[in-house]
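The values are calculated or read from the model by the stated rules, or taken from the named source; none is laboratory data. Worth saying up front: this structure is predicted, and the values here are computed from it rather than measured. FYI the Cβ positions are ideal-geometry reconstructions off the backbone, even for glycines, and counts take in every protein chain you see.
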Amino acid sequence: MPQAYNFEYVGTDNNEYAFVTTNELIYNIAFVKADFYFPEHLSFKQNIFELIIQLDESQKNIRAVHDPKLPLTIATIFLDFFKSNERVVVFSCDTTDRRQAVRNRKFDDWFKQFNNDTFIKLNEVIDDIENETQYFMSMILVNTNPLKDEIIVAFKELKEAIMDAK
């Protein structure tokens, strides 16, 4: 089994991590405060973060190749970030190149591969018929989060609110 890449906690307001692959690709993983997803839920909105995984700005046009260390490194970063079990991560798969379904399957596979029942992952698909696009939105939280049930209900309501706004 491959080892995870060494990563560095960069800090900043975005809880940023960084690592370099053997192919010299520089990845930035950020957990950005995202209380706007659940503005009415004062009990947990301060613990909502949006996951952003991206290549360094200087490498935006480089297409990443298969790298068996990548999923393990991201899973290890997740474990580091979730040292506080009250944190919740929400993310949606990038739609700019219309490969969002592929990204969603990849994240689902990674989650199944590395989750040891510590985490819960919820998925929602939002169909935008007008723009012929599907948006894949997910949420990950620790199974022992004391507000787990309330957060799960709020996530399902979020999809309904987005659909109603269309």
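If you go through segment 44-93 and keep only what is over 30 Å from residue 146 (Cβ atoms) and part of a strand (DSSP E or B), you end up with 54, 55.
Just to be sure before I move on: is residue 60 without any contact (Cβ under 8 Å) to a residue 12 or more places away in the chain and touching a Pro at 6+ places or on another chain (Cβ under 8 Å) in the structure I sent? Judged against the criteria, residue 60 is not a match.
Can you tell me which residue is surrounded by the most Cβ atoms within 10 Å (Cβ to Cβ) among those in segment 23-37 that are closer than 14 Å to residue 13 by Cα and not charged (D, E, K, R)? First the steps, then the outcome.
First pass over segment 23-37, keeping only residues closer than 14 Å to residue 13 by Cα: 28-35.
Applying the additional criterion that residues be not charged (D, E, K, R) yields 28-32, 34.
Numbers: 28: 16, 29: 23, 30: 18, 31: 21, 32: 15, 34: 17.
Looking at the filtered set, the residue picked out is 29.
Which condition number in (1) surrounded by 11 or more Cβ atoms within 10 Å (Cβ to Cβ); (2) part of a loop (DSSP other than H, G, I, E, B) is the one that residue 154 fails? Here residue 154 meets the rest and fails (2).
Specify the residue that is nearest to residue 107 (Cα to Cα); the eligible residues are those in segment 63-94 that are polar (S, T, N, Q) and without any contact (Cβ under 8 Å) to a residue 60 or more places away in the chain. Step by step, filter segment 63-94, then rank; the result is 92.
Within segment 22-43, the residues that satisfy the criterion of being assigned to a loop (DSSP other than H, G, I, E, B) and in contact (Cβ under 8 Å) with a residue 12 or more places away in the chain are 22, 23, 25, 34, 38, 41, 43.
Results for (1) more than 20 Å from residue 33 (Cβ to Cβ); (2) modelled with pLDDT under 90, shown as yes or no for each residue.
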site	(1), (2)
49	no, no
75	yes, no
102	yes, yes
116	yes, yes
124	yes, no
137	no, no
147	no, no
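Pick from segment 94-133 the residues that are in a helix (DSSP H, G or I), surrounded by 15 or more Cβ atoms within 10 Å (Cβ to Cβ) and not basic (Lys, Arg): which of them is nearest to the chain's Cα centre (by Cα)? That would be 107. Note on segment 1-21: residues that are more than 27 Å from residue 150 (Cα to Cα) and not in a strand (DSSP E or B) total 8. Criterion applied to 61, 47, 23, 15 was being polar (S, T, N, Q) and within 21 Å of residue 114 (Cβ to Cβ), and the one residue passing it is 15.
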